[in-house]
Amino acid sequence: MPVLKFPENFLWGTATSAYQIEGGNVYSDWEDYYPAGIACDHYHKYQEDFDWIVKLNQNAYRFSIEWARIEKEQGKFDQKEIEHYRKILLSLKKRNIKAMLTLFHFTLPKWFQEKGGFTKQENIFYFKRFANRIFDEYKNLVDFWVIINEPQVYAAQGYLLRIWPPKKRNPILYLKVLRNLILAHKIIYKGFHQKQSQVRIGIAKNNQFFEPYNPRSNFDKLAVKIASRWQNHYFLNKIKKHLDFIGLNYYFHNKIKFPFFIKNDNKIVSDVGWEVYPKGIYFTLKDLKQYNLPIYITENGVADKDDRLREKFIKDHLYWIWKAIQEKVDVRGYFYWSLLDNFEWEKGFKPRFGLIEVDYKTLERKPRKSAFYYAQICKTNHLAT
Ligand code: GAL
(Lines give C-alpha, C1' and ligand atoms only; values in the text may rest on other atoms or scores of the structure.)
Protein backbone atom coordinates (compact mmCIF):
# COMPACT_ATOMS: atom_id res chain seq x y z
CA MET A 1 0.00 0.00 0.00
CA PRO A 2 1.69 3.25 -1.06
CA VAL A 3 2.10 5.65 1.80
CA LEU A 4 1.81 9.38 1.14
CA LYS A 5 3.80 11.41 3.65
CA PHE A 6 2.81 14.85 4.79
CA PRO A 7 5.36 17.54 5.70
CA GLU A 8 6.90 17.49 9.15
CA ASN A 9 4.97 19.49 11.77
CA PHE A 10 1.83 19.36 9.68
CA LEU A 11 -1.20 20.48 11.66
CA TRP A 12 -4.01 17.96 11.90
CA GLY A 13 -7.14 19.32 13.42
CA THR A 14 -10.79 20.18 13.33
CA ALA A 15 -12.72 23.45 13.22
CA THR A 16 -15.79 24.85 14.97
CA SER A 17 -17.34 28.25 15.64
CA ALA A 18 -18.74 29.61 18.89
CA TYR A 19 -22.38 30.20 17.98
CA GLN A 20 -22.63 26.80 16.34
CA ILE A 21 -21.53 24.80 19.38
CA GLU A 22 -21.51 26.79 22.62
CA GLY A 23 -25.18 27.39 23.42
CA GLY A 24 -26.64 30.28 25.39
CA ASN A 25 -25.47 33.03 23.07
CA VAL A 26 -28.51 35.19 23.75
CA TYR A 27 -26.77 38.49 23.14
CA SER A 28 -25.86 37.62 19.56
CA ASP A 29 -27.72 39.03 16.57
CA TRP A 30 -28.53 35.51 15.31
CA GLU A 31 -30.57 34.81 18.43
CA ASP A 32 -33.47 36.90 17.06
CA TYR A 33 -33.43 35.16 13.70
CA TYR A 34 -32.20 31.62 14.24
CA PRO A 35 -31.78 30.81 17.93
CA ALA A 36 -29.34 27.99 18.61
CA GLY A 37 -30.58 27.26 22.13
CA ILE A 38 -28.01 25.32 24.06
CA ALA A 39 -26.55 23.90 20.81
CA CYS A 40 -23.95 21.28 21.86
CA ASP A 41 -23.50 22.96 25.24
CA HIS A 42 -19.81 23.15 24.44
CA TYR A 43 -19.68 26.14 26.78
CA HIS A 44 -19.88 23.66 29.64
CA LYS A 45 -18.53 20.55 27.95
CA TYR A 46 -15.37 21.90 26.41
CA GLN A 47 -13.08 19.76 28.55
CA GLU A 48 -14.81 16.62 27.34
CA ASP A 49 -14.63 17.84 23.74
CA PHE A 50 -10.93 18.62 24.04
CA ASP A 51 -10.31 15.18 25.50
CA TRP A 52 -11.77 13.81 22.28
CA ILE A 53 -9.39 15.94 20.24
CA VAL A 54 -6.53 14.28 22.11
CA LYS A 55 -7.99 10.78 21.86
CA LEU A 56 -8.41 11.30 18.13
CA ASN A 57 -4.73 12.29 17.80
CA GLN A 58 -5.35 15.80 16.53
CA ASN A 59 -2.74 18.42 17.31
CA ALA A 60 -4.62 21.60 16.36
CA TYR A 61 -8.02 23.17 16.81
CA ARG A 62 -9.72 26.12 15.14
CA PHE A 63 -12.54 27.86 17.02
CA SER A 64 -14.06 31.28 17.51
CA ILE A 65 -14.83 33.67 20.32
CA GLU A 66 -18.34 35.06 20.64
CA TRP A 67 -17.97 38.82 20.72
CA ALA A 68 -21.54 39.20 22.08
CA ARG A 69 -20.62 37.20 25.19
CA ILE A 70 -17.62 39.31 25.97
CA GLU A 71 -19.20 42.65 25.18
CA LYS A 72 -22.90 42.17 25.86
CA GLU A 73 -23.39 45.91 26.09
CA GLN A 74 -21.38 48.38 24.12
CA GLY A 75 -18.15 49.18 25.95
CA LYS A 76 -18.76 46.83 28.90
CA PHE A 77 -16.34 43.94 28.76
CA ASP A 78 -17.40 40.97 30.85
CA GLN A 79 -14.39 39.73 32.80
CA LYS A 80 -16.08 36.44 33.66
CA GLU A 81 -16.42 35.58 29.97
CA ILE A 82 -12.87 36.69 29.25
CA GLU A 83 -11.76 34.21 31.91
CA HIS A 84 -13.93 31.53 30.32
CA TYR A 85 -12.09 31.76 27.02
CA ARG A 86 -8.79 31.93 28.86
CA LYS A 87 -9.68 28.60 30.44
CA ILE A 88 -10.48 27.25 26.99
CA LEU A 89 -7.09 28.34 25.67
CA LEU A 90 -5.30 27.01 28.73
CA SER A 91 -7.11 23.68 28.36
CA LEU A 92 -5.84 23.45 24.79
CA LYS A 93 -2.31 24.35 25.85
CA LYS A 94 -2.36 21.76 28.61
CA ARG A 95 -3.25 19.15 26.01
CA ASN A 96 -0.59 20.37 23.59
CA ILE A 97 -3.11 21.41 20.96
CA LYS A 98 -2.25 24.38 18.76
CA ALA A 99 -4.94 27.05 18.87
CA MET A 100 -6.26 28.93 15.84
CA LEU A 101 -8.66 31.62 16.98
CA THR A 102 -11.25 33.31 14.76
CA LEU A 103 -12.49 36.74 15.84
CA PHE A 104 -15.53 37.10 13.59
CA HIS A 105 -17.35 33.98 12.44
CA PHE A 106 -20.70 35.34 11.15
CA THR A 107 -22.28 36.38 14.47
CA LEU A 108 -22.21 39.84 16.05
CA PRO A 109 -23.44 41.51 19.23
CA LYS A 110 -26.99 42.80 18.87
CA TRP A 111 -25.94 46.31 19.80
CA PHE A 112 -23.32 46.34 17.03
CA GLN A 113 -25.82 45.14 14.46
CA GLU A 114 -28.30 47.79 15.63
CA LYS A 115 -25.68 50.45 14.93
CA GLY A 116 -25.52 49.25 11.33
CA GLY A 117 -22.86 46.55 11.80
CA PHE A 118 -20.19 46.51 9.12
CA THR A 119 -22.19 48.70 6.75
CA LYS A 120 -20.73 51.75 8.53
CA GLN A 121 -17.06 52.59 8.38
CA GLU A 122 -17.14 54.28 11.78
CA ASN A 123 -18.25 50.98 13.35
CA ILE A 124 -14.88 49.40 12.58
CA PHE A 125 -13.76 51.18 15.72
CA TYR A 126 -15.80 48.78 17.87
CA PHE A 127 -14.56 45.65 16.18
CA LYS A 128 -10.99 46.88 16.47
CA ARG A 129 -11.47 47.66 20.16
CA PHE A 130 -12.81 44.15 20.77
CA ALA A 131 -10.01 42.56 18.71
CA ASN A 132 -7.32 44.48 20.58
CA ARG A 133 -8.76 43.53 23.93
CA ILE A 134 -8.81 39.86 22.95
CA PHE A 135 -5.28 40.10 21.63
CA ASP A 136 -3.97 41.70 24.82
CA GLU A 137 -5.66 39.05 26.94
CA TYR A 138 -4.63 35.95 25.01
CA LYS A 139 -1.61 36.83 22.87
CA ASN A 140 0.59 34.26 24.55
CA LEU A 141 -1.97 31.48 24.23
CA VAL A 142 -2.98 31.75 20.59
CA ASP A 143 -0.86 30.25 17.81
CA PHE A 144 -2.77 31.53 14.78
CA TRP A 145 -5.27 34.35 14.39
CA VAL A 146 -8.05 34.47 11.84
CA ILE A 147 -9.67 37.90 11.85
CA ILE A 148 -12.62 37.14 9.57
CA ASN A 149 -14.31 33.95 8.43
CA GLU A 150 -15.60 33.92 4.85
CA PRO A 151 -16.26 37.65 4.36
CA GLN A 152 -17.89 37.27 0.97
CA VAL A 153 -20.25 34.56 2.18
CA TYR A 154 -21.20 36.69 5.18
CA ALA A 155 -21.86 39.79 3.07
CA ALA A 156 -23.87 37.93 0.43
CA GLN A 157 -26.05 35.95 2.84
CA GLY A 158 -26.81 38.97 5.00
CA TYR A 159 -27.02 41.79 2.47
CA LEU A 160 -27.97 40.29 -0.91
CA LEU A 161 -29.79 37.03 -0.33
CA ARG A 162 -31.78 37.91 2.79
CA ILE A 163 -30.92 34.61 4.40
CA TRP A 164 -28.77 35.58 7.37
CA PRO A 165 -29.08 38.52 9.75
CA PRO A 166 -29.79 41.32 9.06
CA LYS A 167 -31.65 39.78 6.09
CA LYS A 168 -31.27 42.59 3.60
CA ARG A 169 -31.24 42.75 -0.18
CA ASN A 170 -29.18 45.82 -0.93
CA PRO A 171 -26.18 45.77 -3.28
CA ILE A 172 -24.88 49.09 -1.97
CA LEU A 173 -24.82 47.84 1.61
CA TYR A 174 -23.28 44.59 0.40
CA LEU A 175 -20.39 46.47 -1.19
CA LYS A 176 -20.01 48.69 1.86
CA VAL A 177 -19.78 45.65 4.11
CA LEU A 178 -17.07 44.16 1.93
CA ARG A 179 -15.13 47.42 1.84
CA ASN A 180 -15.34 47.81 5.62
CA LEU A 181 -14.31 44.21 6.26
CA ILE A 182 -11.25 44.79 4.09
CA LEU A 183 -10.44 47.94 6.05
CA ALA A 184 -11.07 46.23 9.38
CA HIS A 185 -8.82 43.33 8.46
CA LYS A 186 -5.95 45.63 7.49
CA ILE A 187 -6.26 47.86 10.55
CA ILE A 188 -6.37 44.94 12.97
CA TYR A 189 -3.56 43.14 11.16
CA LYS A 190 -1.28 46.17 11.47
CA GLY A 191 -2.21 46.72 15.11
CA PHE A 192 -1.46 43.12 16.12
CA HIS A 193 1.85 43.18 14.30
CA GLN A 194 2.85 46.34 16.08
CA LYS A 195 2.16 44.67 19.38
CA GLN A 196 3.94 41.40 18.52
CA SER A 197 6.06 41.13 15.39
CA GLN A 198 6.10 37.34 15.05
CA VAL A 199 2.30 36.97 15.32
CA ARG A 200 0.66 34.88 12.57
CA ILE A 201 -2.55 36.29 11.12
CA GLY A 202 -4.71 35.02 8.31
CA ILE A 203 -8.21 34.81 6.93
CA ALA A 204 -10.55 31.86 6.40
CA LYS A 205 -11.50 32.29 2.78
CA ASN A 206 -14.16 30.28 1.04
CA ASN A 207 -12.82 29.60 -2.46
CA GLN A 208 -14.56 27.48 -5.05
CA PHE A 209 -13.33 25.57 -8.02
CA PHE A 210 -15.01 26.86 -11.16
CA GLU A 211 -14.96 25.06 -14.50
CA PRO A 212 -16.52 25.94 -17.84
CA TYR A 213 -19.61 23.82 -18.47
CA ASN A 214 -18.44 23.43 -22.02
CA PRO A 215 -14.62 23.52 -22.08
CA ARG A 216 -14.72 24.62 -25.73
CA SER A 217 -16.99 27.58 -25.15
CA ASN A 218 -15.20 30.91 -24.87
CA PHE A 219 -18.28 32.36 -23.22
CA ASP A 220 -18.28 29.72 -20.51
CA LYS A 221 -14.56 30.28 -20.01
CA LEU A 222 -15.11 34.01 -19.65
CA ALA A 223 -17.84 33.42 -17.08
CA VAL A 224 -15.45 31.19 -15.13
CA LYS A 225 -12.78 33.86 -15.22
CA ILE A 226 -15.13 36.51 -13.89
CA ALA A 227 -16.59 34.25 -11.20
CA SER A 228 -13.17 33.21 -10.03
CA ARG A 229 -11.78 36.76 -10.02
CA TRP A 230 -14.67 37.95 -7.93
CA GLN A 231 -15.35 35.00 -5.65
CA ASN A 232 -11.82 33.73 -5.12
CA HIS A 233 -9.52 36.67 -5.59
CA TYR A 234 -11.20 40.00 -4.99
CA PHE A 235 -10.90 40.02 -1.21
CA LEU A 236 -7.54 38.28 -1.13
CA ASN A 237 -6.01 40.74 -3.54
CA LYS A 238 -7.11 43.62 -1.37
CA ILE A 239 -5.55 42.20 1.80
CA LYS A 240 -2.64 40.17 0.44
CA LYS A 241 -0.02 42.47 1.94
CA HIS A 242 -1.71 42.04 5.30
CA LEU A 243 -1.62 38.27 5.58
CA ASP A 244 0.85 35.84 7.13
CA PHE A 245 -1.07 32.84 5.84
CA ILE A 246 -4.15 31.99 3.82
CA GLY A 247 -6.83 29.81 5.36
CA LEU A 248 -8.82 27.96 2.74
CA ASN A 249 -12.37 26.76 3.37
CA TYR A 250 -13.08 24.40 0.51
CA TYR A 251 -16.57 23.04 -0.13
CA PHE A 252 -17.65 23.83 -3.67
CA HIS A 253 -17.05 22.93 -7.28
CA ASN A 254 -19.18 24.65 -9.88
CA LYS A 255 -19.45 24.19 -13.61
CA ILE A 256 -20.54 27.45 -15.11
CA LYS A 257 -22.60 27.97 -18.22
CA PHE A 258 -22.61 31.48 -19.64
CA PRO A 259 -23.65 33.90 -18.22
CA PHE A 260 -23.64 32.49 -14.67
CA PHE A 261 -25.72 29.33 -14.60
CA ILE A 262 -24.40 26.59 -12.41
CA LYS A 263 -24.76 23.15 -13.94
CA ASN A 264 -23.04 20.45 -11.94
CA ASP A 265 -23.07 16.73 -12.55
CA ASN A 266 -23.84 16.14 -8.88
CA LYS A 267 -22.86 12.50 -9.03
CA ILE A 268 -22.09 12.31 -5.34
CA VAL A 269 -23.90 14.64 -3.00
CA SER A 270 -23.90 15.20 0.74
CA ASP A 271 -26.99 15.29 2.96
CA VAL A 272 -27.40 18.98 2.14
CA GLY A 273 -27.16 18.35 -1.60
CA TRP A 274 -23.66 19.70 -2.08
CA GLU A 275 -21.56 17.97 -4.68
CA VAL A 276 -18.52 16.09 -3.40
CA TYR A 277 -15.60 16.92 -5.71
CA PRO A 278 -12.23 16.30 -4.01
CA LYS A 279 -10.06 17.15 -6.99
CA GLY A 280 -11.35 20.71 -6.79
CA ILE A 281 -9.25 21.30 -3.70
CA TYR A 282 -6.13 20.57 -5.75
CA PHE A 283 -7.00 23.17 -8.39
CA THR A 284 -8.01 25.65 -5.72
CA LEU A 285 -4.69 25.21 -3.93
CA LYS A 286 -2.70 25.53 -7.16
CA ASP A 287 -4.59 28.73 -7.85
CA LEU A 288 -3.68 30.10 -4.39
CA LYS A 289 0.01 29.45 -4.96
CA GLN A 290 0.29 32.84 -6.68
CA TYR A 291 0.08 34.58 -3.28
CA ASN A 292 3.25 32.92 -2.11
CA LEU A 293 1.98 32.42 1.43
CA PRO A 294 1.66 29.39 3.70
CA ILE A 295 -1.77 27.83 3.39
CA TYR A 296 -3.87 26.04 5.99
CA ILE A 297 -7.07 24.27 5.05
CA THR A 298 -9.17 25.99 7.69
CA GLU A 299 -12.34 24.08 6.75
CA ASN A 300 -13.31 21.12 4.63
CA GLY A 301 -16.08 18.71 5.51
CA VAL A 302 -19.26 16.94 4.59
CA ALA A 303 -22.80 16.73 5.97
CA ASP A 304 -23.22 12.99 6.31
CA LYS A 305 -25.43 11.74 9.11
CA ASP A 306 -24.91 8.05 8.38
CA ASP A 307 -21.17 8.38 7.79
CA ARG A 308 -21.43 6.76 4.37
CA LEU A 309 -19.25 9.32 2.58
CA ARG A 310 -16.97 10.83 5.20
CA GLU A 311 -14.05 8.43 5.25
CA LYS A 312 -13.65 8.52 1.49
CA PHE A 313 -14.28 12.26 1.49
CA ILE A 314 -11.36 12.80 3.86
CA LYS A 315 -9.13 10.35 2.07
CA ASP A 316 -9.71 11.80 -1.39
CA HIS A 317 -9.37 15.41 -0.30
CA LEU A 318 -6.15 14.61 1.52
CA TYR A 319 -4.84 12.82 -1.54
CA TRP A 320 -5.34 15.96 -3.66
CA ILE A 321 -3.86 18.17 -0.95
CA TRP A 322 -0.85 15.88 -0.83
CA LYS A 323 -0.55 16.13 -4.60
CA ALA A 324 -0.58 19.94 -4.45
CA ILE A 325 2.13 19.80 -1.79
CA GLN A 326 4.26 17.65 -4.11
CA GLU A 327 3.86 20.43 -6.65
CA LYS A 328 5.28 22.99 -4.23
CA VAL A 329 2.11 24.45 -2.78
CA ASP A 330 3.00 25.30 0.81
CA VAL A 331 0.13 23.63 2.69
CA ARG A 332 0.85 23.33 6.40
CA GLY A 333 -2.30 22.01 7.99
CA TYR A 334 -5.79 20.59 7.63
CA PHE A 335 -8.80 21.32 9.84
CA TYR A 336 -11.76 19.07 9.17
CA TRP A 337 -15.17 20.76 9.55
CA SER A 338 -16.28 19.85 12.10
CA LEU A 339 -15.15 18.30 15.35
CA LEU A 340 -18.75 17.59 16.28
CA ASP A 341 -22.26 17.93 14.85
CA ASN A 342 -23.50 21.44 15.38
CA PHE A 343 -25.89 24.24 14.52
CA GLU A 344 -25.64 24.66 10.77
CA TRP A 345 -26.87 28.25 10.52
CA GLU A 346 -30.24 28.72 8.77
CA LYS A 347 -30.46 24.96 8.25
CA GLY A 348 -30.55 24.30 11.99
CA PHE A 349 -29.36 21.06 13.57
CA LYS A 350 -30.27 18.68 10.76
CA PRO A 351 -27.03 18.63 8.76
CA ARG A 352 -24.42 16.51 10.51
CA PHE A 353 -20.89 17.61 9.71
CA GLY A 354 -19.27 16.13 12.81
CA LEU A 355 -16.58 13.54 13.19
CA ILE A 356 -18.33 13.15 16.50
CA GLU A 357 -22.06 12.58 16.59
CA VAL A 358 -24.05 14.62 19.08
CA ASP A 359 -27.31 13.41 20.58
CA TYR A 360 -29.11 16.72 21.07
CA LYS A 361 -31.42 15.28 23.73
CA THR A 362 -28.78 13.88 26.03
CA LEU A 363 -25.83 15.91 24.65
CA GLU A 364 -23.89 12.70 24.56
CA ARG A 365 -20.92 12.60 22.18
CA LYS A 366 -20.09 9.55 20.12
CA PRO A 367 -17.31 9.48 17.51
CA ARG A 368 -18.32 8.15 14.12
CA LYS A 369 -16.24 5.47 12.46
CA SER A 370 -14.64 8.03 10.17
CA ALA A 371 -13.32 9.88 13.25
CA PHE A 372 -11.04 6.91 13.93
CA TYR A 373 -10.00 6.75 10.32
CA TYR A 374 -8.96 10.40 10.46
CA ALA A 375 -7.30 9.79 13.83
CA GLN A 376 -5.01 7.24 12.21
CA ILE A 377 -3.86 9.76 9.62
CA CYS A 378 -3.33 12.40 12.32
CA LYS A 379 -1.24 9.95 14.27
CA THR A 380 1.01 8.73 11.47
CA ASN A 381 1.20 11.97 9.44
CA HIS A 382 0.60 9.96 6.32
CA LEU A 383 -2.15 8.70 4.13
CA ALA A 384 -2.34 5.07 3.11
CA THR A 385 -3.92 4.80 -0.31
C1 GAL B 1 -18.68 27.32 6.29
C2 GAL B 1 -18.81 28.02 7.60
C3 GAL B 1 -19.00 27.10 8.77
C4 GAL B 1 -19.85 25.89 8.47
C5 GAL B 1 -19.53 25.27 7.12
C6 GAL B 1 -20.45 24.16 6.68
O7 GAL B 1 -19.03 28.17 5.24
O8 GAL B 1 -17.68 28.82 7.86
O9 GAL B 1 -19.47 27.85 9.84
O10 GAL B 1 -21.17 26.10 8.70
O11 GAL B 1 -19.54 26.24 6.12
O12 GAL B 1 -21.54 24.65 6.01
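The values are calculated or read from the model by the stated rules, or taken from the named source; none is laboratory data. Because the structure is a prediction, the values reported are computed rather than measured. Cβ placement follows ideal geometry from the backbone for every residue including glycine, while neighbour counts extend to all protein chains displayed. Heavy atoms of the whole protein, side chains included, go into the accessibility calculation; ligands, DNA and RNA do not. Shrake-Rupley method; radii C 1.70, N 1.55, O 1.52, S 1.80 Å.
At a glance:
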quantity: Among the listed pairs Lys225/Lys328; Lys45/Lys110; Lys45/Lys190; Lys205/Lys257; Lys347/Lys379; Lys168/Lys205, those beyond 28 Å (Cα-Cα); calculated: Lys45/Lys190; Lys347/Lys379
quantity: Amide H within-cut-off set for Gly37, under 5 Å, with H built and near neighbours excluded; calculated: Gly24
quantity: 10 Å binning of all Cα-Cα separations within the chain, expressed as whole percents from 0 upward; calculated: 5, 24, 35, 27, 8, 1, 0
quantity: Shape call, region 1-116: gyration tensor on alpha carbons, a/c limit 1.5; calculated: prolate
quantity: For the chain, share of DSSP beta bridges that run antiparallel, in % to the nearest 5; calculated: 20 percent
quantity: For the chain: relative contact order, % (alpha-carbon pairs under 8 angstrom, 6 or more apart); calculated: 20 percent
quantity: 16 Å cut-off, amide nitrogen to a point 7 angstrom out along Tyr234 Cα→Cβ, residues in region 143-164; calculated: 150-162
quantity: Region 101-205 - percent of accessible surface contributed by carbon and sulfur, probe 1.4 Å; calculated: 51 percent
quantity: Cα-based shape type of region 106-248, given that a ≥ b ≥ c are square roots of the gyration tensor eigenvalues and the cut on a/c is 1.5; calculated: oblate
quantity: Which of Trp164, Trp230 is most accessible, then next, and so on - probe 1.4 Å; calculated: Trp230, Trp164
quantity: Accessible area expressed per residue, the chain, with surrounding protein chains retained (probe 1.4 Å, Å²); calculated: 43 Å²
quantity: Asn214 versus Phe260: modelled label distance in nm, points set 7 Å from Cα along the beta carbon direction; calculated: 2.1 nm
quantity: Dipole of region 3-384 [Lys/Arg +1, Asp/Glu -1 at C-beta], most positive-end residue of Ile297, Pro165, Leu236; calculated: Leu236
quantity: Proximal charge balance of Gly117 [Cβ under 11 Å; K/R count +1, D/E count -1]; calculated: +3
quantity: Euclidean distance of C-alpha centroids, region 140-185 and region 246-299, integer Å; calculated: 20 Å
quantity: Inter-probe distance in nm under a simple model that places probes 7 Å from Cα toward Cβ, at Lys241 and Gln198; calculated: 2.6 nm
quantity: Highest average packing first - 311-318, 358-365, Cβ atoms within 10 Å; calculated: 311-318, 358-365
quantity: Rounded Å value of the spacing that divides the Cα centres of region 361-385 and region 6-82; calculated: 20 Å
quantity: Net charge, Ser17 excluded, C-beta distance under 12 Å - Lys, Arg +1, Asp, Glu -1; calculated: -4
quantity: DSSP beta bridges in region 235-377 [antiparallel fraction, %, rounded to 5]; calculated: 45 percent
